[in-house]
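Just below is one structure, and these are the notes that go with it.
Any read-out appearing in this document is the output of simple, stated calculations on the displayed coordinates, not a laboratory observation. No experiment lies behind these values; they were computed from the predicted model shown. As a convention, Cβ positions derive from the backbone with ideal geometry for all residues, glycine included, and neighbour counts pool all protein chains shown.
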Amino acid sequence: MTLAVTVVPVTPYQQNCSVVKCETTGKAAIVDPGGDIDRILAAVEKMSATVEKILLTHGHMDHCAASDVLRQRLSVPIEGPEEGDRFWIDKLPEWCQMANFPHADAFEPDRWLKDGETVTVGDATLQVVHCPGHTPGHVVFVHAPHKIAWVGDVIFAGSIGRTDFPMGDHDTLISSIRDKLFPLGDDMQFIPGHGPNSTFGRERASNPFVADTRFG
């Protein structure tokens, strides 16, 4: 069983939406569809994939604003994030208006996720890791066999997520990264919410916010 991944940068924020396909079954998940639905569906078609669900790392508009429209169009469920992000999703129309972002209605995921649970994409199983700090209900999806993780806005190549939003917390974010993500292994590659991929090992060595040298 192998996974095929296509990253589709969407919205003016260039958010990394991923189409994740199980090669064995042809079934796929769309991770963090923030907008530009036609571009996302074009990637799905190019991959010859059948979307079976939408996965959300957190409730910020650039990661989830197109979710409900896609759910209705494709008749698939939304899974994630953790329920601590309910207030972000409930206020989507207000956040979008304030940021001059395309309108999105509030919605209810079909399944709120919890730390330690799993989600499936075809025959593939992804671990759910609750990583608060950027938002209280942020989750990360980890596919251990392929050593790949979808980390949303928890960590980036050379940086970390912002914590100046409502209910963000810097110390909590640092703990999520160092105590929950780094133990997954230096060779674990991650796809962040914005910018290029990296590995946890590279960030442990050189990320100015969370490198081992900062923490002795």
Mean separation of Cα contacts under 8 Å (at least 6 apart) over the residue count of the range 165-216, i.e. the relative contact order in percent, is 25
Between ALA211 and THR25, the two model label points (7 Å from Cα along the beta-carbon direction) sit apart by a distance in nm of 4.2
To make sure I understand, if each residue's beta carbon is the centre and we count other beta carbons within 10 Å, what order do LEU70, LEU55 fall in, fewest to most? LEU70, LEU55
Full-extension gain between MET167 and THR125, please, as 0.36 nm times their residue separation minus the C-alpha to C-alpha distance. 12.1 nm
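Can you flag which of LYS46/LYS147; LYS147/LYS180; LYS21/LYS147; LYS27/LYS91; LYS53/LYS114; LYS21/LYS180 are past 21 Å Cα-Cα?
Violating the 21 Å Cα-Cα cut-off are LYS46/LYS147; LYS27/LYS91; LYS21/LYS180.
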Restricting to the chain, what percent of DSSP beta bridges are antiparallel, rounded to 5? 70
Let me have the relative contact order for the chain, percent, based on Cα pairs under 8 Å that are six or more residues apart. 15
When each pair of different Cα atoms in the range 3-215 is counted once in the 1/r mean, what is the Kirkwood radius in angstroms, to one decimal? 16.9
Measuring from the lowest to the highest alpha carbon on each principal axis, how far does the range 32-86 reach, largest first, in angstroms? 35, 19, 17
